[in-house]
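> Could you have a look at this structure, given as structure tokens, before my questions?
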Amino acid sequence: MMRRCISILAFNMLFSHGIKAQTIRNFGDLEIHTNGQLGIYSSFENDGVFNNSSGLAGFYGSYQNYISGSISPQFHDIEINNDQGVFLQIPLKVNNNTNFIFGDLITSKLSNSNYLELSSTSFYNGESIFSKVNGYVSISNVQSFLFPIGDEEYLRPIGIDTGGIMASFKSTYLFENGTLNFSNKIEANSDLTSISNKEYWILEGDTSAMITIGWNNRSQLQDITNDLNNLTVVGFDKELMQWTNLVAIDRSGNIEEGFISSTSFIPNRYSAITFGILHTKTDILHKGYHYLVTPNGDGINDYLYIPELENYDSNHLHIFSRNGLKVFEQKNYFNEFNGITGVNISAISKDQGLPEGIYFYLVTVGDKNLTLQGFLYLDR
């Protein structure tokens, strides 16, 4: 045990002096003790026991490294700070915290066999366009979850909500034309007129869930519609081999960025999920854990109001920009956010407030640190 730790430290020192290290291999029983920290600056091959219940493992460096082996390692806490990323050739399980600093955790998107595996006790922070999972993420035993996924350029999360049922899901994002990868066939005798050919999400799970996805400039929705009231969520039905309307129940934003939520459906029935356009305009009510903030002084949606917080004695709210920058934080939040940043960020003028657009929020509530998370759209 001690010899193995010394060996890893030697590799780290070698790499830090600019020499690309050999792959670190674990054949035995490796453990990080309470408050212990392990820095890995090279590829890591695990062929032994690595089932950690404490400590932090960091994946660092400036070369793309790999995690491989015959046995999937399980960590308590991990962090990544490698601008070239870390490629997962086997599943990687994290029981507690995943800290995204810089660089992506990467998996193949041609197969779902390798992924970052999280559980109901897991959480993550720091996700941004600079650090996320460029590949598959698996989550188990949750009622709601926001997947920190994307591609090389953007963080493109998908949110799920089962309505109170504990379930497991797996997801990834692809900036590819789903109408070419699957088909351009649209459900017959439906109101659907066109399907986005820019991007799609894959979501796996056998429990019915409502999903939320967002669009940005790269989505180019203006190529297929000029009115968001025609926008819906669609899925490619595996059995019918065609795109079908999953029905939008929540929608907010403008043609350049925003978010939309669907009715509940069983993900395993669909190969892909993306945006679709209806012939008929559909007005919908904002509902669920997604909110509109319009700080114009008219008394309507001037502040972020989350009614569920009234059911708990304590809470801790964080709000992030779509690039992962924290713009607001407050303990025991009570309807104070009106588009003005609550943290000291020199690049943002407190007089002008935050720019219009999509923001993500995460709030922990109660003594057991239950979480609520979702999107808000700041409309000026």
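> Using a Förster radius of 35 Å, what is the FRET efficiency between K331 and E204 based on their Cβ-Cβ separation? Nearest 0.05, please. Spell out each step's value before the answer.
On the way: r = 36 Å, r/R0 = 1.04.
E between K331 and E204, to the nearest 0.05, is 0.45.
> Rounded to the nearest 20 Debye, what is the dipole magnitude of the chain about its Cα centre when Lys and Arg each give +1 and Asp and Glu each give -1 at the C-beta? Display every interim value, and only then the final one.
Details: 23 positive and 39 negative charges, 175 e Å.
Value, rounded to 20: 840 debye.
> Note down the magnitude of the dipole of the stretch 149-270 about its Cα centre, charges +1 on Lys and Arg C-beta and -1 on Asp and Glu C-beta and zero elsewhere, to the nearest 20 debye.
Value, rounded to 20: 180 debye.
> On a 0 to 90° scale, report how tilted helix 2-16 is relative to the longest principal axis of the chain, with both axes built from alpha carbons and the result rounded to the nearest 10.
That helix lies at roughly 70 degrees to the long axis.
> Apply the Karplus parameterisation 6.51 cos²θ - 1.76 cosθ + 1.60, with θ equal to phi minus 60°, to every residue of the stretch 75-83 and state each ³J(HN,Hα) to the nearest whole Hz, in sequence, with x for glycine and proline.
For the stretch 75-83, the Karplus curve yields 10, 7, 10, 9, 9, 10, 9, 9, 5 Hz.
> Using only the alpha carbons of the stretch 181-325, what is the convex hull's orientation-averaged projected area in square nanometres?
10.9
> Moving on to the next point. What is the set of long-range amide H partners of S314 at a cut-off below 5 Å, with H atoms built 1.01 Å from backbone N?
Placed amide hydrogens put G366 under 5 Å from S314.
> Assuming 0.36 nm per residue, please report the length gained on full extension of the stretch I71 to F175 beyond their Cα-Cα distance. Provide the component values of the computation, followed by the final result.
Working: separation 104, 0.36 × 104 = 37.44 nm, distance 3.10 nm.
Stretched fully, the I71-F175 segment lengthens by 34.3 nm.
> Can you give the helix-only mean residue ellipticity at 222 nm for the chain, where every DSSP H stretch with n ≥ 4 adds -39500 (n - 2.57) and the sum goes over all residues, rounded to the nearest 500 deg cm²/dmol? Provide the component values of the computation, followed by the final result.
Numbers: 2 runs with 19 residues, N = 380.
Estimated from H runs of four or more residues: -1500 deg cm²/dmol.
> Still on this structure, please answer the following. Determine the gain in length on full extension of the stretch N112-I266; use 0.36 nm per residue of separation and subtract their C-alpha separation, reporting nm with one decimal. The partial results should precede the final answer.
Values: separation 154, 0.36 × 154 = 55.44 nm, distance 1.80 nm.
Value of the extension gain: 53.6 nm.
> State, as an integer percentage, the relative contact order of the chain based on alpha-carbon contacts under 8 Å between residues 6 or more apart.
Taking the mean separation of contacting Cα pairs over the length of the chain, I get 9 percent.
> Further question on the same structure: If amide hydrogens are placed 1.01 Å from N in the peptide plane, which non-local residues have theirs closer than 5 Å to the one on V233?
Long-range HN contacts for V233: L246, V247, A248, G276.
> Hey, how many Å between the Cα centroid of the stretch 165-180 and the Cα centroid of the stretch 51-129?
19
> I'm spelling it out carefully: the read-out is Rg and Dmax of the Cα atoms in Å, the candidates are (1) 21.2, 62; (2) 20.2, 63; (3) 21.7, 69, and one was derived from this structure. Which label?
(3)
> Search the structure for amide H atoms under 5 Å from the amide H of L370, placed 1.01 Å from N in the peptide plane, and list their residues when 5 or more places away or on another chain.
Those qualifying (amide H under 5 Å, at least 5 residues apart or on another chain) are V365.
The numbers here are math on the coordinates, done by the rules we state, and not lab data. A quick note: this is a predicted structure, and the numbers were derived from the prediction, not measured. All Cβ positions, glycine included, derive from the backbone under ideal geometry; neighbour counts span all protein chains shown.
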